[in-house]
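Comments concern the structure below.
The values are calculated or read from the model by the stated rules, or taken from the named source; none is laboratory data. Bear in mind that the values here come from a model prediction, so they are computed numbers and not experimental data. Quick reminder, even Gly has a Cβ in these numbers, built from the backbone with ideal geometry, and neighbours come from all protein chains shown. With ligands, DNA and RNA removed, areas are computed over all heavy atoms of the protein, side chains included. Shrake-Rupley method; radii C 1.70, N 1.55, O 1.52, S 1.80 Å.
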Amino acid sequence: MNNITKPFGIKDKLGYLFGDLGNDFTFLFSSSFLMKFYTDVMGVSAGVVGIVMMAARIADAFTDVAMGRICDKSRVTPHGKFKPWLRRMCGPVAISSFLLYQGSLASLPYVFKVAYLFVTYILWGSVFYTSINIPYGSMASSISADPGDRQSLSTFRTLGGMLAGGIVTAGVPLFAFKKSEALGIDVIDSTRFTITAGVFSILAVICYLLCFSLTTERVRTSEAAEAAVSNNVFVMLKNAAKNRALISIIAASVVMLLAQLTMQQMANYVYPVTYGSAKMISLSTVLMTVGMAAAAAFAKPLSQRLGKAEISVISNLFAGVTTLILFFVRPKSVFVYIAFQGLAWVGLGIFAMVNWALITDVIDYSEIRNGVREDGSVYALYSFARKLGQAASSGVSGALLSYIGYDAENITDGVKAGIFNISTLVPAIGLILLAAILWFWYPLHKRQVEENVRILREKHENN
């Protein structure tokens, strides 16, 4: 591996921030509002939406791994191995995202609407989003080999996601919702929602191009190392199945997304339905952003002192217990509910800041175990796990909403109570389970990570 002389710096950090900002203009928009849009505007049941989103993950089992292998085998260009994919695929992912939210089709037959959801969701999530997200995530270990630099990239990536969260989850309720006189609650304005989807798609393209322009791939794989990448995907999967670090971080990712996205998705129901105002989503998002910004200030020093896995256990346990207390307190005041959620997001924020650095540790660990570096393949399996978590969240939320009898035009006290239960109990269980996985199963705690860095440094210096 050879290092390009241009030093790692703020341009790389900002560029990587813009990459995840671009990702979340479509990913977070989908995970937060797709179910709400299709249940309330398109008239598709929550259970069916959840099934469609979970079924799409079957395709991801093939497309994510395939894209990872494509990345690992890609020719190294003057811009690097991974960066060129951002420029190639930013247009298709933006267009396919916009096509998902066409409220003008709401009057068409039910079967057509379900088929349209399935096709456009597959195109966006399983094909085009995969083709840009896998290279983007794999870039981190190519931008720098230094663990401190990678932690900085993880922090800035999270800040990009946090900024997207502020824009998406706070902005959409303010612009795309309106008060229904008949129902007495805030509902989606179909036309404004479609316009919002178009604006986010344009912003995603701009952000991806900024990521391409500002980042530099310094760590280049030698031709010998590239040739060592196995052509047999089954060998790669066999190695992955024996990789405790990878399997445990995959399990952790599924649980994390289940908890986090359930909180985000259910905000679209608990605030307008249980507490009577969609505008409170924006206030909640502001506090979430403040909490995560506070977490950013001390996530790196804490992870350096205690270890990334160790601080992740503590932060997720704090968030899970906070949410569990909220379930039992059941506040009548929306502001008390928001305050508890804000505390939970401080814990989630700390974990989010180190989350992406954990996968670079897993990539290092895999190289030591298998003798070959497969950034794209390892990240692809991790990305697939994240999509499983997204699908699990949508599936669980959709199934539970159907179970409690949610109907946008007939809200009962029982439905309100059920929405509150889903929005608190599911995340609480998920976050506590996540802490347990990272402590008891995930092997790359502080001492092991430091030893792996030493081994690889000696290996690369001798090549």
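Selection within segment 122-137: residues that are surrounded by fewer than 24 Cβ atoms within 10 Å (Cβ to Cβ) and more than 22 Å from Tyr16 (Cβ to Cβ). The member of this set that is modelled with the lowest pLDDT is Ser126. Among the conditions (1) open to solvent by less than 40 Å² (accessible area, probe 1.4 Å); (2) modelled with pLDDT under 95; (3) part of a helix (DSSP H, G or I); (4) of a type in the set (S, T, N, Q), Thr216 misses just one, which is (3). Residue count for segment 401-444 satisfying the condition of being surrounded by fewer than 21 Cβ atoms within 10 Å (Cβ to Cβ), outside any helix (DSSP H, G or I) and at pLDDT 90 or above: 2. Kindly indicate the residue of segment 191-205 that is of a type outside the set (A, V, I, L, M) and surrounded by fewer than 18 Cβ atoms within 10 Å (Cβ to Cβ) and also nearest to Tyr271 (Cα to Cα) among those meeting that condition. So the residue we want is Arg192. Exactly one residue out of Phe27, Phe8, Phe82 is open to solvent by less than 40 Å² (accessible area, probe 1.4 Å) and not in a helix (DSSP H, G or I), and it is Phe82. For segment 99-114, the set of residues classified as open to solvent by 70 Å² or more (accessible area, probe 1.4 Å) and either assigned to a helix (DSSP H, G or I) or touching a Ser or Thr at 6+ places or on another chain (Cβ under 6 Å) (or both) consists of Leu99, Ser104, Tyr110, Val111, Phe112, listed by residue number.
Are any of the residues in segment 169-185 out of contact with any His (no Cβ under 6 Å at 6 or more places or on another chain), among the hydroxyl-bearing types (Ser, Thr, Tyr), in a helix (DSSP H, G or I) and within 30 Å of Ile350 (Cβ to Cβ)? Yes, there is a match, as at least one residue in segment 169-185 is out of contact with any His (no Cβ under 6 Å at 6 or more places or on another chain), among the hydroxyl-bearing types (Ser, Thr, Tyr), in a helix (DSSP H, G or I) and within 30 Å of Ile350 (Cβ to Cβ).
For segment 42-58, residues that are open to solvent by 30 Å² or more (accessible area, probe 1.4 Å) and either on the phi > 0 side of the Ramachandran plot or in contact (Cβ under 8 Å) with a residue 12 or more places away in the chain (or both) total 6. Across segment 306-336, what is the number of residues that are in contact with a Lys or Arg (Cβ under 9 Å, 6 or more places away or on another chain) and assigned to a helix (DSSP H, G or I)? The total comes to 5.
Among the candidates Lys279, Lys332, the residue that is open to solvent by 40 Å² or more (accessible area, probe 1.4 Å) and touching an Asp or Glu at 6+ places or on another chain (Cβ under 8 Å) is uniquely Lys279. Counting only residues that are outside any helix (DSSP H, G or I) and either under 15 Å from the mean Cα position of the chain (by Cα) or farther than 24 Å from Gly349 by Cβ (or both), segment 117-161 holds 1 of them. Total residues in segment 349-400 satisfying the condition of being over 30 Å from Val44 (Cβ atoms) and over 19 Å from the mean Cα position of the chain (by Cα): the figure is 11.
The residues listed here are Leu348, Leu324; of these, the one that is at pLDDT 80 or above, surrounded by fewer than 24 Cβ atoms within 10 Å (Cβ to Cβ), within 18 Å of Gln264 (Cα to Cα) and touching a Ser or Thr at 6+ places or on another chain (Cβ under 8 Å) is Leu324. Among residues of segment 5-26 that are in contact (Cβ under 8 Å) with a residue 12 or more places away in the chain, those with a Cβ under 6 angstrom from a residue that is open to solvent by 10 Å² or more (accessible area, probe 1.4 Å) and acidic (Asp, Glu), sequence gap 6+ or separate chain, pair up as Phe8/Asp149. Take the conditions (1) surrounded by fewer than 21 Cβ atoms within 10 Å (Cβ to Cβ); (2) at pLDDT below 75; Lys387 misses just one of them, which is (1). Taken together, Val44, Val65 contain a single residue that is assigned to a loop (DSSP other than H, G, I, E, B), farther than 25 Å from Ser152 by Cβ and hydrophobic (A, V, I, L, M, F, W, C), which is Val44.
On the basis of being in a helix (DSSP H, G or I) and either crowded, with 24+ Cβ neighbours inside 10 Å or out of contact with any Ser or Thr (no Cβ under 8 Å at 6 or more places or on another chain) (or both), does Ala164 make the cut? Yes.
Beta carbons closer than 7 Å, at least 6 apart along the sequence or on distinct chains, pair a first residue in segment 138-164 that is at pLDDT 85 or above with a second that is of a type in the set (S, T, N, Q) and part of a loop (DSSP other than H, G, I, E, B) for Met139/Thr215; Ile143/Thr215; Ile143/Thr216. For Arg69, the requirement of being surrounded by 18 or more Cβ atoms within 10 Å (Cβ to Cβ) and among the basic types (Lys, Arg) is met. Only residues that are polar (S, T, N, Q), modelled with pLDDT under 80 and either crowded, with 24+ Cβ neighbours inside 10 Å or under 21 Å from Tyr136 (Cα atoms) (or both) were counted in segment 361-384, giving 2.
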